[in-house]
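The values are calculated or read from the model by the stated rules, or taken from the named source; none is laboratory data. Owing to the predicted nature of the structure, the values given are computational and were not obtained by experimental measurement. Here Cβ is always computed from backbone atoms with ideal geometry, including for glycine, and neighbour counts include all displayed protein chains. Please note that ligands, DNA and RNA were not included when accessible areas were found on the heavy atoms of the full protein model with its side chains. Shrake-Rupley method; radii C 1.70, N 1.55, O 1.52, S 1.80 Å.
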Amino acid sequence: MIELINVSKRFGDTEVLQGITARVERGEIFAVIGPSGAGKSTLLRLINLLDSPDGGEIQINGIDIHKKKDQHLRIRRMMGMVFQKPAAFNSTVYENIAVGLRFRGVDEEVIREKVRDVLDMVGLSGYEERRARTLSGGEMQRVALARVMVIEPEILLMDEPTANLDPVSVEKIEELVLRINRDLGTTIVISTHDMYQGQRLAHRIGVLMDGVFAQVGTPREIFTVPASREVARFVGIENIIDGVVVAGGNGRSAVDVGGTLIQVVSPFARGEDVCLCIRSEDLQIAPVDGRVSASDGNSFPGTVMSITPRGPFSRVTVDCGFALSSILSWKVVDGLDIREGSRVIVSFAPEAVHVVRATRG
Ligand code: ADP
């Protein structure tokens, strides 16, 4: 439905987008995730015709939208956009929502019905006569969403719609996004700096870094097989370790990490510089005298360097010649009877290691 072909955009000397290529399918929720300043808003504004690209093409249903000026009104009407900071007119909720329909010359009776339906959808029935500017941030954002949805757009663009909201309001907006997509089939492009929001909502994610999509894939792919060290770091993989492949080829290989050999499954050839990405939940920690289950896997003795609380879990970091961090429940940590300085064995399966080339990309 939306095709981004090598899209670039510069502000002054800074090339913010350096060649964005991706395709958003009809009926899909596509999340653009990336750190602050990565260019997420810029990309959404280009799709929404609020700004024009310096290079490349954006197609909607096969039409190059920035070329076909005579179609701008029609294309704009296919899309609705919700911004990080909702701007409301100084009038009632009803008037705020009705405005788009008024532009289209819709009958007042029909407007009333549609506003009532859309307020019901966003959970704000009965709010018609409230002054929009007296609402809470979460309610205001739901009014903004209602204002866009009342015109029944085919494409909904959402630019960090929950960045300023409390957790309960975030949950409500997220539920709405999922429901709109499921019940109305609306194609949704949402930007967020919160990778977990991307994971909760999206069918597919594009990770925007250094002006390009460093990876486009399902949440599962992005979180378990990141395409590069940068993506791995952004999606919160705790253990990213540099090494060199010393043995093997396609299949089982050994990677030298500062003199220690780690068994992995990877397609990389001997001599290649690689990064090993290991999710903290895939590491087991056992007492030194305990039985280690992964007999053909990786087991390394080490010393506990730190135990830091993290919500209901603890992050246990062990020095095995290289640092390995594991996330364990408090109960497990208590059961292991470990503290800083304790000797332990850390083990993990070769299959738990995702190997990427050490160079960028
Ligand atoms: P994100 O949404 O990922 O936080 P933005 O798209 O807002 O990122 O911004 C990307 C970069 O482009 C930032 O460095 C920002 O300062 C710059 N930028 C965005 N809009 C403009 C503009 N109108 N003029 C100059 N620089 C801009």
Residue among Glu128, Glu139, Glu152 that is surrounded by 13 or more Cβ atoms within 10 Å (Cβ to Cβ) and at positive phi: Glu152
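Yes/no per residue for (1) within 16 Å of the ligand (Cβ to nearest atom); (2) part of a helix (DSSP H, G or I):
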site	(1), (2)
Val207	yes, no
Phe223	no, yes
Arg233	no, yes
Asp242	no, no
Ala247	no, no
Ala254	no, no
Leu261	no, no
Of all residues in region 37-53 being out of contact with any Asp or Glu (no Cβ under 8 Å at 6 or more places or on another chain) and open to solvent by 40 Å² or more (accessible area, probe 1.4 Å), the one that is farthest from the ligand (Cβ to nearest atom): Ser52
Yes/no for Val274 being part of a strand (DSSP E or B), more than 28 Å from the chain's Cα centre (by Cα) and surrounded by 17 or more Cβ atoms within 10 Å (Cβ to Cβ): no
Tally of residues being of a type in the set (D, E, K, R) and assigned to a helix (DSSP H, G or I) across region 46-80: 5
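In region 182-196, how many residues are away from the ligand (no atom under 14 Å from the Cβ), in contact (Cβ under 8 Å) with a residue 12 or more places away in the chain and either within 20 Å of Gly138 (Cα to Cα) or open to solvent by less than 10 Å² (accessible area, probe 1.4 Å) (or both)?
3
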Hits in region 98-130 (condition: over 19 Å from Ile180 (Cα atoms) and either in a loop (DSSP other than H, G, I, E, B) or in contact with a strand residue (DSSP E or B) (Cβ under 7 Å, 6 or more places away or on another chain) (or both)): Arg104, Gly105, Val106, Asp107, Gly126, Tyr127, Glu128, Glu129, Arg130
